[in-house]
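What follows is a short report on a single structure.
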Amino acid sequence: MLDADFFRRWMTAAAASVDREADRLTALDSPIGDADHGSNMQRGFRAVRDALDKEPPATPGAVLTQAGRLLISTVGGASGPLYGTLLRRAGKTLGDAAEVDRRQLAEALRAGTDAVMRLGGAAPGDKTMIDALVPAVDALGDSFAAARDAAEEGAVATTPLQARKGRASYLGERSIGHQDPGATSSALLFAALLDASDTEAGHE
Ligand code: ADP
Ligand code: MG
């Protein structure tokens, strides 16, 4: 079972990963965006990490809800409200349970992903974070490792697509041939989730 401590480790691992990969995320956002995705994500997840250090919420749902709220309030770009919605909706779906299992987390993240699709209007194939989130959530029913792999494959598979949502869509066909930055950061979140689960299982 996954408790609040597991969720805190997930968010802390995500913040560390975003710090490490910020330059790469910004580089991906240069040809098809405005070169701020790395700094946007870094600002947001640093705020999440600082809040978890100060007053850690007591339940899995509260950790995700607080993280989502902070992403919405600290990230300026489109990705803030979208990731904020993902985590807030997932947190609300988990309710106030002290522990949840992987399948419940998968269902909560599915509700979160659906909320992101409603908010941003993107569907799979539009070259957005949705292209990593949907396959990852599908695979999370099987295992954390399968979800990480599916997210990574989904992110890589955005390269040949033409963007139909977000800033990259302004480029039309010129958006083809570049990996989507938001799909790439979504893959980082699922890699961090696998890291947290490895620690959980005791094979650090
Ligand atoms: P901005 O585009 O405002 O500069 P970021 O650079 O932080 O924001 O984030 C860009 C990422 O946000 C894109 O790579 C894409 O994955 C995601 N994105 C943008 N618009 C949408 C949308 N409508 N639905 C889903 N994801 C979106
Ligand atoms: Mg940007």
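The lysines whose alpha-carbon is closer than 23 Å to the alpha-carbon of Lys127, local same-chain residues fewer than 8 away aside, are Lys165.
Computed across segment 1-135, the Kirkwood radius stands at 15.0 Å (inverse of mean 1/r, all Cα pairs). For Lys92, a cut-off of 25 angstrom between C-alpha atoms picks up these lysines, skipping any fewer than 8 places away in its own chain: Lys54. In a fully extended conformation the segment linking Asp114 and Tyr170 would gain 17.8 nm over its present Cα-Cα distance, using 0.36 nm per residue. Compared with the dominant principal axis of the Cα atoms in the chain, helix 60-74 is inclined by about 40°. Here segment 122-178 is treated as an ellipsoid with the same Cα gyration tensor; its semi-axes, largest first and in whole Å, are 24, 10, 6.
Applying 1/(1 + (r/R0)^6) with r as the Cβ-Cβ distance of Ala58 and Arg103 and R0 = 22 angstrom yields a FRET efficiency of 0.50.
Rule-based calculations on the coordinates, nothing more; no lab input. This is a predicted model, so every value here is computed, not measured. When we count neighbours, we look across all protein chains shown, and the Cβ atoms used for this are built from the backbone with ideal geometry, even at glycine.
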